[in-house]
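The values are calculated or read from the model by the stated rules, or taken from the named source; none is laboratory data. Note that this is a predicted model, so its numbers are computed, not measured. Backbone-built Cβ (ideal geometry, glycine too); neighbour counts: all protein chains shown.
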Amino acid sequence: MRLFAVFNALLILLIVVGGCQTAVVDQTAFTPVLLQGEEVYQLNCQRCHHPQGQGYRRLFPNLASNQIVTGHDPIPMIQVVKNGRGAMPSFDEALTDEEIAAVLTYIRNSWGNEAEPISPQQVRNLGESEG
């Protein structure tokens, strides 16, 4: 009887833990976007956030394993890139919606991060709702 209870407890634990895992993102579907995003990152972001996304403590945030970066809602990231924040300048005039979407998709899927891609339409929609 005790063995049965232990088995049931382990089974429940496996079901709960299995349900808590994050979805694995298939990056092969958006490889061209990742390549474009990497180029945009190298030209515009890595000076402050470093090539590996570790940033500078207390000045430019770490992008690797950052919950804002990998969060389900990409709006905070889009807002920061478009409007700037703190020491970060606005890139709304410097980058197209496609470039912003590509670089954010790259950041959300680099250095151990795994998150859904951001589309140019999501970037455009935010600009329209703020305008």
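Residue count for the range 67-98, restricted to those that are buried (at least 19 other Cβ atoms within 10 Å of the Cβ) and either without any contact (Cβ under 8 Å) to a residue 24 or more places away in the chain or under 19 Å from GLN52 (Cα atoms) (or both): 4. When SER65 is tested against (1) modelled with pLDDT of 95 or more; (2) not in a helix (DSSP H, G or I), just one condition goes unmet, and that condition is (1). Taken over the range 53-104, the residue count meeting the criterion of being in contact with a Ser or Thr (Cβ under 6 Å, 6 or more places away or on another chain) and of a type outside the set (Gly, Ala, Ser) is 1.
With respect to being of a type in the set (A, V, I, L, M) and surrounded by fewer than 17 Cβ atoms within 10 Å (Cβ to Cβ), ALA102 falls outside the description.
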